[in-house]
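Working notes, structure below.
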Amino acid sequence: MDRAAAERLDAEDPLGPLRGRFTLPDRVIYLDGNSLGPAQPAVAEAVGTALHRDWSEGLIRSWNATVEGPGWVGLPRRVAGAIAPLVGADADEVAVTDSTSVDLYAVLVALARLRPERRTILLQEGDFPTDRYVAGSVADLLGLEVRTAPRDRLGEAIDDDLAVLVLTEVDYRTGSRHDAPDLTRTVHSAGGLVLWDLSHSAGALDVDLHRWDADAAVGCTYKFLNGGPGAPAYLYVARRLHARIRPTVAGWFGHATPFSFADEYVPAPDASRFLAGTPPVLSMVALEAALRIQADVPADARSAKVASLTELFIDLVDRHCDGFGLEVVTPRSPAARGAQVSLRHAEAGRVMRALVDRGVIGDHRPPDILRFGFSPLFVRHTDVWDAVHVLVEVLSSGAWRDDRYDRAAEVP
Ligand SMILES: *Cc1c(COP(=O)(O)O)cnc(C)c1O
């Protein structure tokens, strides 16, 4: 494909106009929206208003929703309402709070307590580190055992001792995507529960937790949801579990009526029982503003755009990078991958540093993975075309061998 063909794809892209709502630096091709999504002027404005008007002038009155008051107290529920359609859930099944790691801990403890006679938490080998570490601390707390299985042998490891399977839908290293409905069905027929990590899914792909029949999920909002660095995470608990599931941290914000200051703890009737303390208002305001753009994304448009961008990238790498020691690690079938393509190269760290130096920003996952994220909301087909041509230049010239690229940054 020539560059003009990429331009034609961009001209026909229903998501094309959304790019203009992001702040993207000149001369940068940003293929790292899977690690930190970009800012939007609308977010800066909302945070400015929260700081200068609502906090500075409104003070404590801003907790309430009045003509002037922004109603900070309702932020967790409002943001949950904005995230719910992105994961195929209803608003009362979603809570926005804490970090993905903490939410994972809270939900995993609560799910495991629903299967007290079972002893195993199952994970995939090499799944995202925090998922593995958190599962270890839950196992310590409850006296359970963590088992891991290779990606293609998870099915065999599902037995009648399994309490909870914890699984990232899209693998952060390879970009492979699980068949979530199928795995969920297998776990359910063995009597277990499934906790999905959607950190690399929501906002990038069309996710449908109801159709999957998922029990629970968590995910972060600073990647494909563009909520800003360290933005609060979300969790999902299927409505059928609400009556029975106990929040792990029974905090006042998860009480049915927090401002009754009641002596007795009565959990909120829905997933918001997993709220613990006062929400981080400035971060929530940023996230709420960042999510507004999602309402303008047509149904099913995300997965189609992502398939088109990733297919173009893989195709161009196949055509132009032969003989440079690269290997495409990500599955070639669009249904089997997320919004990411990973390439293996023996000197991946150096190659990525040389790319970043030339304005093509992806990232590197040790030891040998070059990772490129394709956010459907702002990456264009022409960006893909240009990025591959910079990659070809870096590899064919051997520019990555330069001494400048010896040293890794603290965050690679
Ligand atoms: C990014 C990511 C997280 C992030 O966890 P935090 O606690 O929000 O830092 C968790 N799980 C996966 C799979 C991720 O990719």
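The values are calculated or read from the model by the stated rules, or taken from the named source; none is laboratory data. Model, not experiment: these values are computed from the prediction. FYI the Cβ positions are ideal-geometry reconstructions off the backbone, even for glycines, and counts take in every protein chain you see. The protein model used for the area step is the full one, side chains on, heavy atoms only, and it has no ligands, DNA or RNA in it. Shrake-Rupley method; radii C 1.70, N 1.55, O 1.52, S 1.80 Å.
Somewhere in the range 194-203, is a residue touching a residue at least 24 places away in the same chain (Cβ under 8 Å), more than 14 Å from the ligand (Cβ to nearest atom) and within 22 Å of D152 (Cβ to Cβ)?
Yes, the range 194-203 contains at least one residue that is touching a residue at least 24 places away in the same chain (Cβ under 8 Å), more than 14 Å from the ligand (Cβ to nearest atom) and within 22 Å of D152 (Cβ to Cβ).
Take the conditions touching a residue at least 24 places away in the same chain (Cβ under 8 Å) and touching an Asp or Glu at 6+ places or on another chain (Cβ under 8 Å) and apply them to R118. Does it pass?
Working: touching a residue at least 24 places away in the same chain (Cβ under 8 Å): yes; touching an Asp or Glu at 6+ places or on another chain (Cβ under 8 Å): yes.
Taking the combined requirement at face value, the residue satisfies it.
Any chance you could count how many residues in the range 204-230 are out of contact with any strand residue (DSSP E or B) (no Cβ under 9 Å at 6 or more places or on another chain) and either free of Cβ contacts under 8 Å to residues at least 24 places away in the same chain or not acidic (D, E) (or both)?
Adding up the residues that qualify gives 8.
For the structure I just gave you, tell me whether A180 is under 12 Å from W212 (Cβ atoms) and of a type in the set (G, A, S).
It is true that A180 is under 12 Å from W212 (Cβ atoms) and of a type in the set (G, A, S).
Which residues, counting only those in the range 169-193, are closer than 23 Å to L114 by Cβ and either within 15 Å of the ligand (Cβ to nearest atom) or open to solvent by 10 Å² or more (accessible area, probe 1.4 Å) (or both)?
First, the residues of the range 169-193 that are closer than 23 Å to L114 by Cβ: 169, 178, 180-193.
Scanning the range 169-193 gives E169, H178, A180, P181, D182, L183, R185, T186, H188, S189, A190, G191.
Can you tell me which residue is nearest to A46 (Cα to Cα) among those in the range 56-68 that are under 31 Å from the mean Cα position of the chain (by Cα) and surrounded by 14 or more Cβ atoms within 10 Å (Cβ to Cβ)?
That would be S62.
Examine the range 29-39 for a residue that is open to solvent by 30 Å² or more (accessible area, probe 1.4 Å), away from the ligand (no atom under 16 Å from the Cβ), touching a helix residue (DSSP H, G or I) at 6+ places or on another chain (Cβ under 9 Å) and not hydroxyl-bearing (S, T, Y), and state whether such a residue exists.
Yes; the residues of the range 29-39 include at least one that is open to solvent by 30 Å² or more (accessible area, probe 1.4 Å), away from the ligand (no atom under 16 Å from the Cβ), touching a helix residue (DSSP H, G or I) at 6+ places or on another chain (Cβ under 9 Å) and not hydroxyl-bearing (S, T, Y).
Taking the options S303, S342, S308, name whichever one is within 15 Å of D32 (Cβ to Cβ), under 21 Å from the mean Cα position of the chain (by Cα) and of a type in the set (S, T, Y).
None of the other options fit; the residue is S342.
Please work out which one of (1) within 16 Å of the ligand (Cβ to nearest atom); (2) within 18 Å of the chain's Cα centre (by Cα); (3) open to solvent by less than 10 Å² (accessible area, probe 1.4 Å) is the condition P129 fails and give its number.
Evaluating P129 over (1) within 16 Å of the ligand (Cβ to nearest atom); (2) within 18 Å of the chain's Cα centre (by Cα); (3) open to solvent by less than 10 Å² (accessible area, probe 1.4 Å) leaves (3) as the failure.
Quick check on the range 59-68. Is at least one of its residues under 21 Å from G228 (Cβ atoms), away from the ligand (no atom under 16 Å from the Cβ) and outside any loop (DSSP other than H, G, I, E, B)?
Yes.
Results for (1) buried (at least 22 other Cβ atoms within 10 Å of the Cβ); (2) farther than 17 Å from L31 by Cβ; (3) without any contact (Cβ under 8 Å) to a residue 24 or more places away in the chain, shown as yes or no for each residue.
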{"position": "V329", "(1), (2), (3)": "no, no, no"}
{"position": "S333", "(1), (2), (3)": "no, yes, yes"}
{"position": "A354", "(1), (2), (3)": "yes, no, no"}
{"position": "G359", "(1), (2), (3)": "no, no, no"}
{"position": "V379", "(1), (2), (3)": "yes, no, no"}
{"position": "D386", "(1), (2), (3)": "no, no, no"}
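Tell me yes or no: at least one residue of the range 291-303 is closer than 19 Å to T382 by Cα, assigned to a strand (DSSP E or B) and either open to solvent by 20 Å² or more (accessible area, probe 1.4 Å) or of a type in the set (K, R) (or both). It would help to see each step written out before you state the result.
Residues of the range 291-303 closer than 19 Å to T382 by Cα: 301-303.
Keeping just the survivors that are assigned to a strand (DSSP E or B) gives none.
Scanning the range 291-303 turns up no residue that is closer than 19 Å to T382 by Cα, assigned to a strand (DSSP E or B) and either open to solvent by 20 Å² or more (accessible area, probe 1.4 Å) or of a type in the set (K, R) (or both).
Here is a check on your reading of the model: is T148 in contact with a strand residue (DSSP E or B) (Cβ under 7 Å, 6 or more places away or on another chain), more than 14 Å from the ligand (Cβ to nearest atom) and open to solvent by 10 Å² or more (accessible area, probe 1.4 Å)?
yes
Only residues that are more than 12 Å from the ligand (Cβ to nearest atom) and open to solvent by 10 Å² or more (accessible area, probe 1.4 Å): list them for the range 213-226, please.
Within the range 213-226, just D213 meets the criteria.
Pull up the range 97-126, narrow it to residues that are surrounded by fewer than 16 Cβ atoms within 10 Å (Cβ to Cβ) and acidic (D, E), then point me to the one that is nearest to the ligand (Cβ to nearest atom).
Checking each candidate, the answer is E125.
Take the range 86-130 and flag every residue that is among the hydroxyl-bearing types (S, T, Y) and under 17 Å from G230 (Cα atoms).
Listed by number, the residues that qualify are T97, S99, T100, S101, T130.
Quick one: count up the residues across the range 232-244 that are in a loop (DSSP other than H, G, I, E, B) and within 16 Å of the ligand (Cβ to nearest atom).
2
Using the structure shown, decide if G136 is open to solvent by 10 Å² or more (accessible area, probe 1.4 Å) and on the phi > 0 side of the Ramachandran plot.
It is false that G136 is open to solvent by 10 Å² or more (accessible area, probe 1.4 Å) and on the phi > 0 side of the Ramachandran plot.
From the list P247, P229, exactly one residue is in contact with a Phe, Trp or Tyr (Cβ under 9 Å, 6 or more places away or on another chain), part of a loop (DSSP other than H, G, I, E, B) and either within 16 Å of the ligand (Cβ to nearest atom) or polar (S, T, N, Q) (or both). Which is it?
Within the list P247, P229, the selection yields P229.
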